[in-house]
Amino acid sequence: MGFPNVRARRTRASDAWRRLVRETRLTADALIYPLFVVPGRAVRHAVESMPGICQLSVDEAVKEAKAAAAAGVPAVLLFAAPARKDATASDALDPQGLAAQAIGAIKEACPQVLVWADVCLCGATDHGHCGHVTPQGVIENDSSIQTLAQVAVNYARAGADAVAPSDMMDGRVVAIRARLDAEGHATTPIVAYAAKYASCFYGPFREAAESAPAFGDRRSYQMDPANAREALREVLLDVEEGADLVMVKPAGPYLDVIRQVRDAVRVPVVAYQVSGEFSLIKAAAARGWIDEPAAVLETLTSIRRAGADLIISYFAPEVARWLRP
Ligand code: PBG
């Protein structure tokens, strides 16, 4: 049976109808807000390529986390850019290091907000790569995952509600799980950056996190944007290794991957709307070429429609305010 019996427009006739038949809902419950922590006090240093986003000292990060929680955002994702950068990522391993301090301070000031700690070596190493580098310039896998596991334990001890390894080394989820369990953190979940692509859309983030690689690129560990089957392989491996949530990153250019991952696993799927996706919208809106709130809501709704249960977004607190009943 087709037209004129069937008319798809009947259920689009009014806002009330559109609300009734809406398939995907965006709520603040699904949002996670990234924070960039730097040394010092009372520091709010604007990230030029990300309008509205600042590098924050621990005290300011506490304020920002509080404000996000007050807006209705349930979780923050913490990145640290310590002053001390060396070959062994000492600051990330230090119980008094910048990330550990920030985790402790936020949990103390607002215990209701979940603190997810990004676990990687790139922010704390002088070479800016996500793992250990040999004198030949090779990113070493098996020694890196031991260090990453130690970093995860350090953050769990500091009070992190979840650890989120973003390094893309093989076997890091199982290594982190084993070390967390051995150190008394069996209940700390792992959010695995499972399908993380070697994307140009991380450009603005690298300014914020001071984590650009000093040589080469990340293509020997992050995924080729051309591959979707391989994303499923990565995700299934991480689930097998004990990941409690899995992530696809970036989000917007990889909606097909989000859908395939959602259909393949039973754990929550997180999508990361990364810095470049944020900056594109901001830049076009600043020129009056796009309606910012509409673009933000449409991209986030589309990421949810593709199958993401949760979304990490730099727009999180703002969106949470817009969505308030
Ligand atoms: C580092 C890391 C990156 C992002 C999150 N963790 C950058 C990279 O891999 O170079 C990107 C986040 C963003 O662009 O918003 N391991």
Selected residue (criterion: farthest from residue 137 (Cα to Cα)) from residues of the stretch 221-231 that are within 15 Å of the ligand (Cβ to nearest atom) and not aromatic (Phe, Trp, Tyr) | 225
Go over the candidates 306, 295, 271 one by one and state the one that is within 23 Å of residue 76 (Cα to Cα), of a type outside the set (Val, Ile, Thr), more than 15 Å from the ligand (Cβ to nearest atom) and surrounded by 22 or more Cβ atoms within 10 Å (Cβ to Cβ).
-> 306
Of the residues in the stretch 111-134, how many are within 13 Å of the ligand (Cβ to nearest atom) and among the hydrophobic types (A, V, I, L, M, F, W, C)?
-> 8
Checked 206, 218 against criteria (within 16 Å of the ligand (Cβ to nearest atom), outside any helix (DSSP H, G or I) and farther than 17 Å from residue 174 by Cβ); the one match is 218
Considering 253, 293, which residue is touching a helix residue (DSSP H, G or I) at 6+ places or on another chain (Cβ under 8 Å), closer than 21 Å to residue 203 by Cα and at pLDDT 95 or above?
-> 253
Given the stretch 96-195, what helices (runs of 4 or more DSSP H) lie entirely inside it while holding 3 or more residues that are under 24 Å from residue 70 (Cβ atoms), open to solvent by 30 Å² or more (accessible area, probe 1.4 Å) and not aromatic (Phe, Trp, Tyr)?
-> 98-109
Return yes when residue 234 is outside any loop (DSSP other than H, G, I, E, B), surrounded by fewer than 19 Cβ atoms within 10 Å (Cβ to Cβ), more than 10 Å from the ligand (Cβ to nearest atom) and not hydrophobic (A, V, I, L, M, F, W, C) and no when it is not.
-> no
Conditions (1) hydroxyl-bearing (Ser, Thr, Tyr); (2) in contact with a helix residue (DSSP H, G or I) (Cβ under 7 Å, 6 or more places away or on another chain); (3) closer than 12 Å to residue 308 by Cα; number of the one not met by residue 275 | (3)
Report, by residue number, each residue of the stretch 71-87 that is closer than 26 Å to residue 247 by Cα and not aliphatic (A, V, I, L, M).
-> 72, 74, 79, 82
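Per-residue answers, yes or no, for (1) surrounded by 15 or more Cβ atoms within 10 Å (Cβ to Cβ); (2) of a type in the set (A, V, I, L, M, F, W, C); (3) assigned to a helix (DSSP H, G or I):
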| site | (1), (2), (3) |
| --- | --- |
| 11 | no, no, yes |
| 17 | no, yes, yes |
| 24 | no, no, no |
| 61 | yes, yes, yes |
| 68 | yes, yes, yes |
| 84 | no, no, no |
From the residues in the stretch 274-292 that are buried (at least 16 other Cβ atoms within 10 Å of the Cβ) and among the small types (Gly, Ala, Ser), which one is farthest from the ligand (Cβ to nearest atom)?
-> 285
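The values are calculated or read from the model by the stated rules, or taken from the named source; none is laboratory data. Note that the structure is a prediction, hence the values are computed from the model and not measured. Cβ sites come from the backbone with ideal geometry, for glycine too, and all protein chains shown count toward neighbours. For accessibility, only protein heavy atoms count, side chains too; no ligands or nucleic acids. Shrake-Rupley method; radii C 1.70, N 1.55, O 1.52, S 1.80 Å.
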